[in-house]
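The values are calculated or read from the model by the stated rules, or taken from the named source; none is laboratory data. Everything numeric in this text was worked out from a predicted model, so none of it was measured. Cβ coordinates were reconstructed from backbone atoms using ideal geometry, including for glycine residues, and neighbour counts include every protein chain displayed.
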Amino acid sequence: MRLAGFLWMVAGAAWALEGSSVGGLYEEHFPPIQPNCTQSLTDLLLLRQEVQLKELKQESSGILREILTEIKGSLARTPTSTGASCPGNFAAHGDTCLYLAKDTDVTWEAARLFCQDLGGDLAVFEDANAFVNALGYIKGSAILESLTIWVGGSDLSLEGEWKWISGEDMPRGTPFWGDYYQIREPGGGPRENCAVMHGLDGFLLHDTACSLKYKPLCEVKRS
């Protein structure tokens, strides 16, 4: 009986030790899920998505830079028409080439022939921008403010009907025409049928006798 009791004690101790070892190994390899495990998994997924978006953004930026670089190169290879040159002593201003003959004093008709020999004609101003360009050229030419300059306008065909030599009607009033003794030009009547830029009035337009001798402002259209 004593031997049987001893064997039962040894067997019970072995079973207890075996159960303890198995439980420890399970807990070691399969630890219990922590309460914040779900939150950690969510944070991990969000972090991964953020990294993917950042990589996609960097890739898109690289593609955009390549496109912009190609466009810039194409523009650099495209020729422009702004480089059209002017003949002789003509200077580019807007869409035209201008030349003021500082050393030439001729009548209005002779001024036209002078400019035509250079491949152009007396200057005309189709709009305010063209007139401003001419004023800038004249005032930058280091000439006396008392000079008078022929331009391509007259009312020779019909008194009071002022036209450019190109056939268009000349604009009237501000900012083209100046004043003479507080009277708005043109005001000379049938005795003054040709247009000039009058230096004493800031090179605004005045009418005067076509037989007088002034300096021609020639113009050639830029191609």
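Regarding T96, is this residue of a type in the set (S, T, Y), closer than 24 Å to P171 by Cα and modelled with pLDDT of 65 or more? Spell out how you get there, then give the answer.
On the way: of a type in the set (S, T, Y): yes; closer than 24 Å to P171 by Cα: yes; modelled with pLDDT of 65 or more: yes.
When the stated conditions are applied, T96 passes them.
With respect to the numbered conditions (1) surrounded by 12 or more Cβ atoms within 10 Å (Cβ to Cβ); (2) without any contact (Cβ under 8 Å) to a residue 24 or more places away in the chain; (3) closer than 17 Å to L217 by Cα; (4) not aliphatic (A, V, I, L, M), which one is the sole condition not fulfilled by N133?
The failed condition is (2).
Test T174 against the criterion of being in contact with a Ser or Thr (Cβ under 7 Å, 6 or more places away or on another chain) and among the hydroxyl-bearing types (S, T, Y), and give yes or no. So that I can check it myself, show each step before the final result.
Values: in contact with a Ser or Thr (Cβ under 7 Å, 6 or more places away or on another chain): no; among the hydroxyl-bearing types (S, T, Y): yes.
No; evaluated as a whole, the condition is false for this residue.
I'd like to check something: does segment 180-188 contain any residue that is over 18 Å from Y99 (Cα atoms), surrounded by fewer than 20 Cβ atoms within 10 Å (Cβ to Cβ), under 33 Å from the mean Cα position of the chain (by Cα) and aromatic (F, W, Y)?
Taking segment 180-188 first, the residues over 18 Å from Y99 (Cα atoms) are 180-188.
Pick out the ones that are also surrounded by fewer than 20 Cβ atoms within 10 Å (Cβ to Cβ) and you get 180-184, 187-188.
Pick out the ones that are also under 33 Å from the mean Cα position of the chain (by Cα) and you get none.
The answer is no; no qualifying residue exists.
Results for (1) assigned by TED's automatic domain parsing to the domain that holds A130; (2) modelled with pLDDT of 95 or more; (3) within 21 Å of S146 (Cβ to Cβ), shown as yes or no for each residue.
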{"position": "I165", "(1), (2), (3)": "yes, yes, no"}
{"position": "G173", "(1), (2), (3)": "yes, no, no"}
{"position": "I183", "(1), (2), (3)": "yes, no, yes"}
{"position": "G188", "(1), (2), (3)": "yes, no, yes"}
{"position": "H198", "(1), (2), (3)": "yes, yes, yes"}
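What number goes with the only condition from (1) modelled with pLDDT under 95; (2) within 20 Å of G120 (Cβ to Cβ) that S146 does not pass?
For S146, the failing item is (2).
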